[in-house]
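Shown next, in structure tokens, is the structure this report addresses.
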Amino acid sequence: MDDQKQKMTRQFIEAIPHSRALGMQLEDIGAGRAVIAMDYDPRFVGDPETGVIHGGAVSALMDTCGGAAVMSYPGVTSTATLDLRIDYMRPATPGQRITARAECYNVTRSVAFVRATAHDDDPDRPVATATGAFTVEREKSA
Amino acid sequence: MSRQRPEPVQVVKQRRDAALKSLVHGVPYIQFLGIEFDRRGDELTAVLPFDEKLIGNPLLPALHGGVTAAFLEVTAIIELSWSMLWEEMESGRLDASAPDTALPRLPKTIDFTVDYLRSGLPRDAYARARINRSGRRYASVHVEAWQDNRARLFAQATGHFLMPGRDG
């Protein structure tokens, strides 16, 4: 991915209102891959008894990360989620930051297939994994 | 045969609304998204009032796919908890209006699959969940979400949940 596209994609991701509301930070992006992190926040708790972050917030992180990976793929100008399946492996440890990594493992003319994992401070035991299909809008080429 | 006189309608409503309120308002993330629940008898409709912070694509603009997923997942979890709570409440085993009553623990999501049918418009969204199977340990729930027309869904989802243990 050239610098110009990388810069534009980064700006686009960082301008998403809901990603900003969740405090998402784009850590790395390029060539069909993205890494996005989200700090622990008591407002995102799903189970008040345990203090564990709501699955929905993890879904939002996975969706954003998947979409960012697709946007960063060469020639892609825009994308939308077609479907997203999330498997919750274990509760995220309260207080810890969650980091999602997504990669396009196959991209056709109109669809991108994406895999993603999310982990907290323990990188060896994922909190959640996801697979999704995203639409692909391409640059108009001659 | 003597029958007990039915409770006054306001007493029944007050008890049910108090139980629902404590269930929904106890979860910070539901408050963060601004989701509320309408109740008609035991039927719940989740309502997501539009807010700028829910936008995912500012160019269209459209709701964030993650917001849609979260809205559906919240609806499924509350429906499951509500159905457990309803049974306990109606049988008189639980008095949710008593402030110190511990509400049942929430189910845990095992997996959740969202089917995005069309982009979410920048306006209010609604959702209803249907419990397709609810066993002692596992449950399967389907959720539908719409905006202007009930028949024109913008997303649907299916999820599996681990039910909380009743005795701790």
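Where a number appears in this text, it was derived from the coordinates with a stated rule and is not lab data. These numbers were taken from a predicted model, which means no experiment stands behind them. Don't worry about glycine lacking a Cβ; one is built from the backbone with ideal geometry, like all the others, and counts go over all protein chains shown.
In the range A:68-121, which trypsin sites (Lys or Arg not before Pro) are in a loop and have at most 13 other Cβ atoms within 10 Å, using DSSP for the loop call? Don't jump to the answer; show the numbers that get you there.
On the way: sites: A:Arg85, A:Arg97, A:Arg101, A:Arg109, A:Arg115; in loops: A:Arg97, A:Arg109.
Counting only loop positions with at most 13 other Cβ atoms within 10 Å, the trypsin sites (Lys or Arg not before Pro) in the range A:68-121 are A:Arg109.
Listed here are the pairs A:Lys5/A:Lys140; B:Lys21/B:Lys108; B:Lys13/B:Lys53; which of them are more than 26 Å apart at the Cα? From A:Lys5/A:Lys140; B:Lys21/B:Lys108; B:Lys13/B:Lys53, over 26 Å: B:Lys13/B:Lys53. Classify the range A:3-138 as rounded, prolate or oblate from the Cα gyration tensor: take a ≥ b ≥ c as the square roots of its eigenvalues, call it rounded if a/c is under 1.5, otherwise prolate when a/b beats b/c and oblate if not. It comes out prolate by the Cα gyration axes. Each of A:Thr99, A:Thr77, B:Thr109 has some number of other Cβ atoms within 10 Å of its Cβ, and from fewest to most they run A:Thr77, A:Thr99, B:Thr109. Applying the Karplus relation 6.51 cos²θ - 1.76 cosθ + 1.60 with θ = phi - 60° to the range B:3-9 yields 3J(HN,Hα) values of 10, 6, 5, x, 5, x, 4 Hz, where x marks Gly and Pro.
Any idea how far the Cα center of the range B:1-59 sits from the one of the range B:67-90, in Å? After rounding, the separation between the Cα centres reads 10 Å.
Counts of other chain beta carbons within 10 angstrom of each beta carbon in peptide A:14-24 average 5.
Backbone geometry of the range A:11-26 corresponds, through the Karplus equation with coefficients 6.51, -1.76 and 1.60 at θ = phi - 60°, to 3J(HN,Hα) couplings of 4, 5, 4, 6, 8, 5, x, 5, 5, 5, 4, 8, x, 6, 10, 6 Hz, x marking Gly and Pro. This ranking places B:Met163, A:Met71 by how few other beta-carbon atoms lie within 10 Å of each, fewest first, which gives B:Met163, A:Met71. The angle between the Cα long axis of helix A:55-71 and the longest principal axis of the Cα atoms of chain A comes to about 20 degrees, rounded to the nearest 10. Taking amide H as placed 1.01 Å from N in the peptide plane, B:Ala62 has its amide H under 5 Å from the amide H of B:Gly56, B:Asn57, each at least 5 places away in sequence or on another chain.
Note down the Stokes-Einstein diffusion coefficient of the range B:1-60 in µm²/s, whole number, using a Kirkwood radius over alpha carbon pairs, 20 °C, and 1.002 mPa s. Display every interim value, and only then the final one.
Details: Rh = 14.4 Å.
Reported coefficient: 149 µm²/s.
When B:Ser91, B:Ser83 are arranged by Cβ crowding within 10 Å, least crowded first, meaning fewest neighbours, the order is B:Ser91, B:Ser83.
Could you tell me what fraction of 2.2 N^0.38 Å the Cα radius of gyration of the range B:1-121 comes to, as a two-decimal ratio? Could you put the intermediate results ahead of the total?
Working: Rg = 17.5 Å, N = 121, 2.2 N^0.38 = 13.6 Å.
Working it through for the range B:1-121, the quotient is 1.29.
If I fit a long axis through the Cα atoms of helix B:65-90 and take the longest principal axis of the Cα atoms of chain B, what angle between them do I get, 0 to 90°, rounded to 10? That helix lies at roughly 10 degrees to the long axis.
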